Every structure is written in C-alpha cells, then in structure tokens.
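J.: I'd like to ask some things about the structure below.
The values are calculated or read from the model by the stated rules, or taken from the named source; none is laboratory data. Just so you know, these numbers come straight off a predicted model, no measurement behind them. FYI the Cβ positions are ideal-geometry reconstructions off the backbone, even for glycines, and counts take in every protein chain you see. Heads up: the accessible areas ignore ligands, DNA and RNA and are worked out on the full protein's heavy atoms, side chains in. Shrake-Rupley method; radii C 1.70, N 1.55, O 1.52, S 1.80 Å.
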Amino acid sequence: MIYRQLGRTGLQVSIISFGAAPLGNEYGSIEGDGKRAVHAAIERGVNFFDTSPYYGRTLSETRLGQALHGYRDRVYLATKGGRYDVAAFDFSVERLTASVDESLKRLQTDYIDLYQLHDIEFVPRQTILDVALPTLERLRESGKIRFIGITGYPLPLLREVAEAHPVDTILSYCHYNLMNTSLARVLIPFAREQQIGVINASVLHMGVLTDAGAPAWHPAPTIIHQTAQQAAALARESGTDITTLALQFALQNDDVDTTLVGMRTETEVIDNLTLLGTVPDEEVLARVREIIAPVEGVTWHTGLRENDEPNAVG
C-alpha cells in the first residue's frame, strides 16, 4: 500500500480508501459480503473509511461499525452530517450536534477522525459558514471529532467556502476522472497552497465509466452517457475495460491524497488494490480521451442554483 499525508492533519492515509456507501445497499443488497470486504481491505493496508448517515439511511454506518469491531485502532474513520435523505438537509446546530452522537453510537466508537458537512450545495453558503462550520468547531473542542471537512459537487463553491472558513479536508466527486479533470485546475492548487486534504470520489463518474453504464437516476446529460459508452467500447476492443482504465488514470494523480472507491465484496477489494502501481496503456488512454474530449468537464445541475458551476447543464 502507498500512503500520503491528508493535508495538514498529520494522518497518513492509504491512497485508495474504502467508500462505504455500498454497505448501505446503495448499489444493491449485500449482507455478509460487506464485512468480509472491510476486513479484506484492512488486511491489505487500506486505513481510511468513509461513510454517512445518508447512505442506506443509517444502514452503512451501522454495518461499518459492526465490521470495524476489533479493528477500530487500525483505521481512520470519516463520516458526515447535514444530509439525511434525498431531499432532507439540516445543518442546524441542534441537528448536527445530535447527528454526531448518533453516528458515534452506530459506528461503535467514541471519536470520529474526520467529520464532514455532506453536500453543502443544497443550502445557502451562509448557513454553512455561519452555522454549520462553527458548530463543528465546538464539537471538535469536545473531543468527539478530530478534523473537519466539507463535501459537495460544485468546485467553485467548495473553494469559496474553504477560503472563507478554514477546513482540514475537501471531498470532491466526479471532478477528477476520465470524463472531468477540473479538480486539478480549480481546486488542487488552492488546496495544496493551504495544506487542505483532497479526497477524490466517484472516479467512475457515478457508474458512467462502466461497461453496463450508469443507473437510470444519473443526472448527467445524455451526451455524457453516449460518449462514455463509445469510450467503453473502444477499451473493450483494445483488450481492457473502461473501469480498469478509469481507476488507473485517477490513481496516477499524486496531488490527490486519497481516492475514495466504493467496494461491496472481497473480490472487488482485491481487484481494485491489484491496480495499485499499474499504469494505463498510453495508446488506449489517448484514444479514449480523444473520444471524451468534446464533453470533458461538462457538469450538471445539483443543489441550489446559486451554487451551480458555470457550465452546469440541466
């Protein structure tokens, strides 16, 4: 395993981290396989685990807490607050304070290494700056959480909030992968300057970069899905697959502290970790990126319109 320091936290985290959303049945039902996946990851050096009460509506946290019994001292544990259902957001002092206690109970621990505000684009930014982040600062003083982070989709919003209030980490999704590399331009230089940890998620573009394609609920415009399937076909014809190519591509970015990968089974853990240290076929990668180039960086609307990226579609 390869480890990098997570910003200024001092935490040395595995460059592949365990995204626990699948433990909440977010991508299909799982039972015992989830616990085996967690243990397989730990035994192979993965030491950063990320979850949220939103994933499976608390099921992910509950299952992860059970799986980490006896392993807690070997991992760094991250969870979130503020988002609790598809359209249920509450970043109030009372809810965040209660949410931390609820997460501690479900995760079977007395402290959380990294507590993040979940999908901040769904509320006015002043709510995050004036209410939510000061609340997390007080919770940090209590010892219940060690470090503070923000997560979300629109990169300009993430940067502007971090400029206005110090945070330890930023989790961005769908912004550094084969379909979109704007994280490297918009956020990483700022994060490096401020020593903010960078967590990259959704390197498969929430299922777009798979042979099966994205689920029906995916918000990207049709042209994104069509282009990705063309790229997937080319990868298959070249003797590889688009998922492998996407993971190899994302893991090459040394400016990302850890890449969050959702894993459901022990087999998925082993397959993903096997890609560590491998490099994509340069010729195939170049051809795939040529196909994607006309739509590279296209984003979609999510959250409040006032928080949208300038190029958001929909």
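J.: Would you mind telling me the antiparallel percentage of the DSSP bridges in the chain, rounded to 5?
T.: If we restrict to bridges inside the chain, about 15 percent are antiparallel.
J.: Follow-up. What does the extension gain come out to for Arg192 and Arg57, with contour length at 0.36 nm per residue minus their alpha carbon separation?
T.: Additional length available on full extension: 45.2 nm.
J.: Ignoring ligands, DNA and RNA, what accessible area per residue does region 30-189 give at 1.4 Å, in Å²?
T.: 36
J.: For the pair Tyr111 and Ala164, what calculated FRET efficiency results from E = 1/(1 + (r/R0)^6), where r is the Cβ-Cβ distance and R0 = 25 Å, to the nearest 0.05?
T.: 0.40
J.: Using only Cα atoms and rounding to the nearest 10 degrees, what angle (0 to 90) does helix 93-107 make with the longest principal axis of the chain?
T.: Helix 93-107 sits roughly 70 degrees off the main axis of the chain.
J.: Could you order the peptides 6-12, 70-76, 47-53 from most to least packed, using the average number of other C-beta atoms within 10 Å per residue?
T.: 47-53, 6-12, 70-76
J.: Does anyone have the angle between helix 242-251 and the longest principal axis of the chain? Alpha-carbon axes, 0 to 90°, nearest 10?
T.: For 242-251 against the chain, the angle is about 50 degrees.
J.: Rounded to the nearest 0.05, what FRET efficiency do Glu296 and Leu276 give with R0 = 35 Å and r taken as the Cβ-Cβ distance? Could you check?
T.: 0.85
J.: Now, a different point. Going Cα to Cα from Lys35, which aspartates and glutamates come in below 14 Å? Please leave out same-chain ones fewer than 8 positions away.
T.: Lys35 reaches Glu43, Glu61, Glu266, Glu268.
J.: Please give the helix 32-43 orientation as an angle from the longest Cα principal axis of the chain, in degrees from 0 to 90, rounded to the nearest 10.
T.: Its long axis makes an angle of about 90 degrees.
J.: Just tell me which lysines come within less than 18 Å, Cα to Cα, of Lys80; anything on the same chain fewer than 8 places away is out.
T.: Counting by Cα, and skipping residues close in sequence, Lys80 has these lysines nearby: Lys105, Lys144.
J.: How much length would be gained if the chain were fully extended between Val86 and Asp130, taking 0.36 nm per residue of separation minus their Cα-Cα distance, in nm to one decimal?
T.: Length gained between Val86 and Asp130: 13.5 nm.
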